[in-house]
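First comes the structure, then the notes that go with it.
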Amino acid sequence: MNYFNLNNTSEKVDLKTAILKSLGSQEGLYMPESLPQLSKKYFENIHQLTLQEIGYEVAKSMFQNDIDDRAIRDIVEEALNFEIPLRRLSKNLHVLELFHGPTLAFKDVGARFMAGLFAHFIAQEKKETTILVATSGDTGGAVASAFYKQVGITVVILYPKGKVSLLQEKQLTTLGENIIALEIDGNFDDCQAIVKRAFLDEDINKVRNLTSANSINFARLFPQSIYYHFAFAQLRANHKPVLISVPSGNFGNLTAGLIAKKMGLPIAHFIASTNENHIVPTYLETGIFEPQPTIYTISNAMDVSKPSNFPRMMHLYNQSAEALRKDISGWWCNDAINKKGILELLHKYQYQADPHGAIAYLAIEAFADKENYDCIFVETAHPAKFPESIEELTNEKVAIPTALAGLFEKPKKSITMSNKFESLKDYLLG
Ligand SMILES: *Cc1c(COP(=O)(O)O)cnc(C)c1O
């Protein structure tokens with residue numbers, strides 16, 4: 001399979017280059033030249049398959065000419081070694097829980113799969129690879145955990161000072177070894193912007209083999225399509241058409257769902273749910289894509305003003321807003337409504353959601369035609385990752401899973417840095 005650059009379509013590379021380089025010229029994202037179709041037989045049997053079996057089928061269809069079968073199987077089994085349950089809350093309302101991985105966010109899926117792909121491809125490389133990653137909270141922890149102590153890899157994480165939760169910060173600053181946390185005096189968009197510049201900088205690229213673990217990297221994005229298949233597999237027989245609401249920031253998660261659909265998974269419709277950073281819902285409404293300054297919310301992992309995967313969405317729909325609207329509706333809300341959603345889930349369904357999943361739930365509630373669907377909202381993080389905003393609402397302590405309780409005692413190790421590109425450059429060259 002060849003991968004081409006969305007900003008320079010004549011630039012074509014193989015899988016290894018696409019994932020190790022992450023971005024092409026002119027900051028272009030890579031996409032596969034075609035999306036394979038899964039067989040009719042696969043979909044007929046999907047309800048009998050385990051998560052790992054589904055992961056293998058989906059990954060094999062995409063990577064079979066680039067990676068041998070045994071390696072694909074190993075990567076899937078290593079990456080998807082936790083449960084991804086679809087829980088039924090009422091007759092046709094479900095929640096897909098993506099937060100049972102080691103760092104309690106859905107990003108574990110992509111990060112762990114990516115770590116497996118990297119280990120496979122860099123085994124022969126002599127030069128150390130530096131993974132440079134900007135995080136609004138959860139990416140950093142997931143990538144740190146997935147690549148911790150991986151030979152040949154250094155992970156450099158940029159995070160916005162004071163804008164991630166305490167647990168998130170502990171997850172990225174306490175591992176040490178090959179994991180370096182840079183605490184940036186700025187917001188997430190600053191972090192993302194200076195990371196992008198670093199990839200284009202010739203001096204840095206002479207000294208370092210740089211790559212990204214953000215969802216601009218196809219290796220992290222694509223594996224996320226697996227859990228849409230698995231969600232579908234867990235639905236009851238005779239279910240209605242499927243509607244999935246995805247809480248979105250950079251739109252990697254939703255794009256993976258769209259890819260699953262384009263590969264044959266029968267999802268009828270998606271909702272792009274956001275907080276007040278509603279650039280994509282507004283685009284769906286007006287046809288105008290206009291990044292705005294970031295607004296800070298209690299769903300901080302979605303505080304993204306320029307969604308990086310938007311070009312991939314447009315590519316999948318031939319640049320047509322009209323075509324996008326057929327498959328995707330947009331919805332957004334502010335913090336006050338989000339909080340009502342958290343309480344409503346608790347009171348109506350005894351379900352403790354986090355601020356991101358609650359937005360996806362509210363979007364379904366607001367969907368006019370919802371009775372005609374089996375509805376799934378995606379829960380992207382464990383509520384314990386955002387105890388501050390939840391405890392204030394419910395007056396109840398959110399229990400921290402025992403595996404993470406010890407984190408709070410570990411000392412934070414980070415390097416503080418300005419939001420100027422030159423600071424990062426000096427650091428990477430030094
Ligand atoms: C990263 C993240 C999101 C947004 O996902 P995208 O793929 O960037 O749209 C939503 N919720 C949580 C908890 C996250 O960590």
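Observations on the model:
- Yes/no for LEU404 being closer than 26 Å to PRO241 by Cα, within 16 Å of the ligand (Cβ to nearest atom) and touching a Lys or Arg at 6+ places or on another chain (Cβ under 9 Å): no
- Residues located in segment 383-401, provided they are part of a helix (DSSP H, G or I) and within 15 Å of the ligand (Cβ to nearest atom): PRO383, ALA384, LYS385, PRO387, GLU388, SER389, ILE390
- When segment 2-27 is filtered for residues that are free of Cβ contacts under 8 Å to residues at least 40 places away in the same chain and either among the hydrophobic types (A, V, I, L, M, F, W, C) or under 24 Å from GLY116 (Cα atoms) (or both), the ones remaining, listed by number, are ASN2, PHE4, ASN5, LYS12, VAL13, THR17, GLY24.
- Taken over segment 364-382, the criterion of being more than 24 Å from GLY249 (Cα to Cα) and either within 16 Å of the ligand (Cβ to nearest atom) or not acidic (Asp, Glu) (or both) is satisfied by ASN372, TYR373.
- The single residue among PHE270, PHE218, PHE310 that is away from the ligand (no atom under 13 Å from the Cβ) and either open to solvent by 10 Å² or more (accessible area, probe 1.4 Å) or in contact (Cβ under 8 Å) with a residue 24 or more places away in the chain (or both) turns out to be PHE218.
- For segment 342-377, the set of residues classified as open to solvent by 10 Å² or more (accessible area, probe 1.4 Å) and part of a loop (DSSP other than H, G, I, E, B) consists of GLN350, TYR351, GLN352, ALA366, PHE367, ALA368, ASP369, TYR373, listed by residue number.
- TYR30 being aromatic (Phe, Trp, Tyr) and either assigned to a helix (DSSP H, G or I) or surrounded by fewer than 19 Cβ atoms within 10 Å (Cβ to Cβ) (or both): no
- Scanning segment 315-335 turns up no residue that is at pLDDT below 95, over 20 Å from GLY137 (Cα atoms) and open to solvent by 40 Å² or more (accessible area, probe 1.4 Å).
- Residues of segment 103-119 that turn out to be over 19 Å from HIS229 (Cβ atoms), more than 10 Å from the chain's Cα centre (by Cα) and within 14 Å of the ligand (Cβ to nearest atom), as a count: 2
- LEU80 being under 23 Å from ASP138 (Cα atoms), among the hydrophobic types (A, V, I, L, M, F, W, C) and open to solvent by less than 20 Å² (accessible area, probe 1.4 Å): yes
- So SER305, is it closer than 17 Å to PHE106 by Cα, open to solvent by less than 40 Å² (accessible area, probe 1.4 Å), of a type outside the set (A, V, I, L, M, F, W, C) and within 13 Å of the ligand (Cβ to nearest atom): no
The values are calculated or read from the model by the stated rules, or taken from the named source; none is laboratory data. Treat the numbers as computed from the prediction; the structure is a model and nothing was measured. FYI the Cβ positions are ideal-geometry reconstructions off the backbone, even for glycines, and counts take in every protein chain you see. The area values use the complete protein model at the heavy-atom level, side chains included, leaving out ligands, DNA and RNA. Shrake-Rupley method; radii C 1.70, N 1.55, O 1.52, S 1.80 Å.
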